[in-house]
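The values are calculated or read from the model by the stated rules, or taken from the named source; none is laboratory data. Keep in mind the model is a prediction, meaning the values are calculated, not measured. Here Cβ is always computed from backbone atoms with ideal geometry, including for glycine, and neighbour counts include all displayed protein chains.
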Amino acid sequence: MLEKIDRRKTKTKQALRDALVALIKEKGLETITVSDLTRKANINRGTFYLHYRDVLDLREHIKAEFHEGLLRIVAQLEPRDMFNQALEGKVYDGLIRLYEYFDSQADFFEVMLGQNGDLSFSILMKETIHSHMYRKLIESQPHNILLVPADILIGYVSSAHFGFILEWIRNGRQQTPAELAKYMCNIMYHGPLRALGFLPPTTK
């Protein structure tokens, strides 16, 4: 009996998630009402209020779930290994897993990070990459060998990586996660100037 209730609860939450994504595409985030959601999800208002207080509560719950999923992925990443493998011309498996996560939830990320989405979610995603992927790595380097101050470097690398993911999502994810990881590793090893063709290619 409990299993049946859990399945029903999961199904309801998935229906509301899908409804929220569809409605953001249709009319933007700020104008969505509970009535819009219940009609789109084909559930009654009473069922909605069993799970959430209002549209904002639903939105924040879904954002938290996706953020927790991202945190689980980045917690397994070893940025130093990522850079070391890039130096060897290899693709870091952890990057593939990261991009696979964005790929698996692309409909949600596309609307939440789009023009009609939630700016705070975009900031949260970028901050996660900033704090969990690059800050520890760059701050562990002796500051006397850095060409620019650490805080500026952390901000640049984090923003560039987030923008890299964002453009991939907005352009319809035309590359596989493995291909995307290869491109990122190439940029890490060769640098933007070589990637743009301003410098001759290296031997790797």
Have a look at 61, 67 and point out the one that is touching a residue at least 12 places away in the same chain (Cβ under 8 Å), surrounded by 12 or more Cβ atoms within 10 Å (Cβ to Cβ) and either within 21 Å of residue 124 (Cβ to Cβ) or assigned by TED's automatic domain parsing to the domain that holds residue 106 (or both). 67
Looking only at the range 76-92, filter to residues that are within 18 Å of the chain's Cα centre (by Cα) and free of Cβ contacts under 8 Å to residues at least 24 places away in the same chain; which one of those is nearest to residue 133 (Cα to Cα)? 78
If you go through the range 78-94 one residue at a time, do you hit one that is at pLDDT 90 or above and either surrounded by fewer than 17 Cβ atoms within 10 Å (Cβ to Cβ) or outside the structural domain of residue 170 (by TED's automatic domain parsing) (or both)? yes
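Picking from 87, 29, which residue would you name as being aliphatic (A, V, I, L, M) and touching a helix residue (DSSP H, G or I) at 6+ places or on another chain (Cβ under 7 Å)?
On the way: 29 fails: touching a helix residue (DSSP H, G or I) at 6+ places or on another chain (Cβ under 7 Å).
The match here is 87.
Every residue, every condition in (1) surrounded by 15 or more Cβ atoms within 10 Å (Cβ to Cβ); (2) closer than 17 Å to residue 128 by Cβ; (3) free of Cβ contacts under 8 Å to residues at least 12 places away in the same chain; (4) under 14 Å from the mean Cα position of the chain (by Cα), yes or no:
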{"residue": "156", "(1), (2), (3), (4)": "no, yes, yes, no"}
{"residue": "167", "(1), (2), (3), (4)": "no, no, yes, yes"}
{"residue": "172", "(1), (2), (3), (4)": "no, no, yes, no"}
{"residue": "178", "(1), (2), (3), (4)": "no, no, no, no"}
{"residue": "193", "(1), (2), (3), (4)": "no, no, yes, no"}
{"residue": "197", "(1), (2), (3), (4)": "no, no, yes, no"}
When residue 10 is run through (1) hydroxyl-bearing (Ser, Thr, Tyr); (2) out of contact with any His (no Cβ under 9 Å at 6 or more places or on another chain); (3) surrounded by 15 or more Cβ atoms within 10 Å (Cβ to Cβ), the failure sits at (3)
